[in-house]
Structure formats: C-alpha cells, structure tokens
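In what follows, a single structure is set out as structure tokens and then discussed.
What follows is calculated from the coordinates using simple rules that are stated; it is not laboratory data. All of these numbers come straight from a predicted model, not from anything done at the bench. Cβ sites come from the backbone with ideal geometry, for glycine too, and all protein chains shown count toward neighbours.
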Amino acid sequence: MIKLFKSKIYLAFFLMIAVLLVGVFGYRMISNFDWIDAVYMTIITVTTVGFSEVRPLDDTSKLFTVVLIILSVFIFAYAISVITEYILGRNSLQLLKKKKVKNTINSLKNHVLICGFGRNGIQASERLKAYRKPFVVIEKDKAIIERYENDILFVEGDANDDDVLIEAGIENAQYLITALPDDATNLFVVLSARQLNKDLFIISRASLANSQKKLLLAGANKVIMPDKIGGDHMASLVVMPDLITFMDKLSMEGEHTTNLEEVAIEDFADQLDCNSLRDLDLRNRTGCTIIGYIEPNGNYIINPEADLKLEPKSKVIVLGRPEQIRKLNEMFRIV
C-alpha cells in the first residue's frame, strides 16, 4: 500500500511540474512574455492569488489563462488529496502494525525478553531463532527498530521503565536477557524485572568484574562477561586450538545447523516406557548421542552411563548432526 501511495505522489508531482512548464512556455510563446514575466504569470495564475497581470492580455492569452487555471485547480487538488491520503494512510498502517505486534506479544507464553539490541543482543536473537524460541526485543533506538522490525518483535522504549517491560509481556515471560552496554543500567533492569516476575530467569551482561556480585544480589540468575569469555576463548585457541575449533563448530547455529539439543525427560516419558538412558535408545532411534544428564537439583553428569536411572524433571543433552536433531524433534514432537 505504501508503494501505491508513493506512485500516486510521484504522479502528482509530475503533473504539478508539467502544469507549471505548460504555463511558462505558454505565456512565453502565446503572449510573448520574457522568461521572468512568464514564470510570474504562471505562478500567480496556478495559485489563484489574484495579483494583476504583467500587462493586458489578448483574447488568446485570456483563453490560455482560463485553461491553465482549470488545469491547475484540478491538479493541485489531486496532489493535496494524495499527500493527505499518504500521511493518514501511513499513520494508520503504523497503528495497525503496532496493534498486530501488541496482540502477538499478548499471546506469547514462556518467551524471552532481550533488553538492548546491540552486538550481544543481536547474537542472542540469532541463537534463539535457531532454536525457534519466541522472543521480544526492547530497544529505544528507533533507527535500529526500523531496520529489523520485519523479522523481530520490538517494543520501543527504555527497559528501565516498568510499563515497557509489561508491554513486552514480562509477566508471562520465562527468561530475560539484559544486554545493555552499561552495568548500572543492567542493574536497574534486573531490579525492575525481578519485582515484576519473581519466577523469571534473568541473564545479565556485565563489563566490570565488581558488577557481577551486585547483579546477582539484585536478582540475576546468571551474569555473563563477554570480554572475559572472549579473552578465555582466544587463550584456549593457543593451548588447544583443535578442540576449541571443534567446540565452535558444535555451537554454530543457523536455521538448519543445530548440533546440540536439551530435552526434558517428560518429553520422552509421555511416549516411551523409559526408566534409564538405555531405554531411551536415542542412538538407534534418531542417531543422536546423549552426552550429558542434568539432575532435578541442577547437578550435571557428563557422559552418563546407559544404566543411569531417569528422574522426573531431569533433562538430557544430546549431540547430533542437524538432520539427526530434526529427526529427534519430529519423532518426539519437541517444540
């Protein structure tokens, strides 16, 4: 619809320029006016301001002026209507788009909130897309929103504002990632978010080491220091380059390149009679390999034995090629 409006505007401007050129050349050729007088006569005629003519007009010039007035009235009226329609239509489209986004956010459950859409926020969104995890981004930079709004749900505003967090659906959210560049701002976001949703799992970015403890005290469940992780990663590439490169390959996700999956035991229990990892038999069923087990209390077991007894509310971590992971998700209808 915007493209249609733009084509109409281009047509309106073309017609206005055309009528001005017709007037100038008409007075120049018919009335023998010089260029300045021809422009003057054209402007006062098409705008109908009522100023006097440069000099008395003959009958031919008068007829030409009548035709020019009629043409200019219709063309300028058309141009005004098109511009008005475009402005009102653009506003209406923006309102409809905002209403659609609001309805979509209101329908979300257990989604993720991302506060800030800088480098870390973009990386987080790409990872969540790979796992098809619904998320909403809170960003106050309108230019950034306009650049990505076709693919991502945005709420425009300051993440420190409780009303903005509520608009983003914090009461129904499961996770919050605050990836703002300033530690103090992240601290206020964590405090506000924890107040609005006691069960929310909050992950905060931190730049300074002494900010980590404060963010945890404020209510963050996990605090990530991207600079520290980056330094550790570079050092690891020196001491064990092949292993780190292999781990990087595992962690690279795209639409069809997910290599790791975390699955709740309940996703299997509804479809299989499974008391142990051996009963799951994921290797033969899907090709995936179980490389980790998470106990209900949060304890991690790496490379668990096949006879390990499964407990309710526990999870398994599986490794596989993208097609094997897809087969696993499809077989057990894992969302």
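Observations on the structure shown:
- Take every pair of alpha-carbon atoms less than 8 Å apart whose residues are at least six positions apart; their mean separation over the length of region 176-246 yields a relative contact order of 28 percent.
- For the chain, with +1 on Lys and Arg beta carbons and -1 on Asp and Glu, the positive-most of Ser236, Leu113, Gln195 along the dipole: Leu113
- Dipole size of region 108-224 about its Cα centre, with +1 on Lys/Arg Cβ and -1 on Asp/Glu Cβ: approximately 680 debye, rounded to the nearest 20.
- Of all the options Val155, Val22, Val316, the one that moves most in a Gaussian network model of the chain with Cα springs shorter than 10 angstrom is Val22.
- Solvent-free Debye scattering, log10 I(q)/I(0), computed from the Cα coordinates of region 198-330 at q = 0.10, 0.15 Å⁻¹: -0.46, -0.95
- Euclidean distance of C-alpha centroids, region 151-198 and region 262-314, integer Å: 34
- Ordering of 191-199, 236-244, 131-139, 110-118 by packing is 110-118, 131-139, 191-199, 236-244, highest average first (other Cβ atoms within 10 Å, averaged per residue).
- Partner lysines whose Cα lies under 24 Å from the Cα of Lys97, excluding those fewer than 8 positions away in the same chain, are identified as Lys3, Lys6, Lys8, Lys109, Lys129, Lys133, Lys140, Lys142.
- Applying 0.36 nm per residue to the separation of Ile291 and Ala184 and subtracting their alpha-carbon distance, the gain on full extension is 34.7 nm.
- In percent, rounded to a whole number, the relative contact order of region 108-224 is 25, using alpha-carbon pairs under 8 Å and six or more apart.
- Projected-area average for the chain over all orientations - Cα convex hull basis, square nanometres: 27.2
- Considering only Ser204, Val66, Val263, the residue lying farthest towards the positive end of the dipole of the chain is Val66, judged by Cα position with unit charges set on Cβ.
- Gain on full extension, evaluated as 0.36 nm per residue between Arg119 and Asn103 minus their Cα-Cα distance, stands at 3.0 nm.
- Taking every C-alpha pair closer than 8 Å and separated by at least 6 residues, the mean separation divided by the residue count of region 258-331 gives a relative contact order of 43 percent.
- Kyte-Doolittle mean at least 1.6, axial Cα span of 30 Å or more - DSSP H helices of the chain: 2-30
- Taken about its Cα centre, the chain carries a charge dipole of roughly 400 debye when the Cβ of each Lys and Arg holds +1 and the Cβ of each Asp and Glu holds -1.
- Cβ-Cβ FRET estimate between Arg278 and Tyr148, R0 fixed at 56 Å, reported to 0.05: 0.75
- Taking max minus min of the alpha-carbon positions on each principal axis, region 258-331 gives extents of 31, 23, 18 Å, largest first.
- Here the extension length gained between Ala209 and Arg55 equals 47.1 nm, from 0.36 nm per residue of separation less the Cα-Cα distance.
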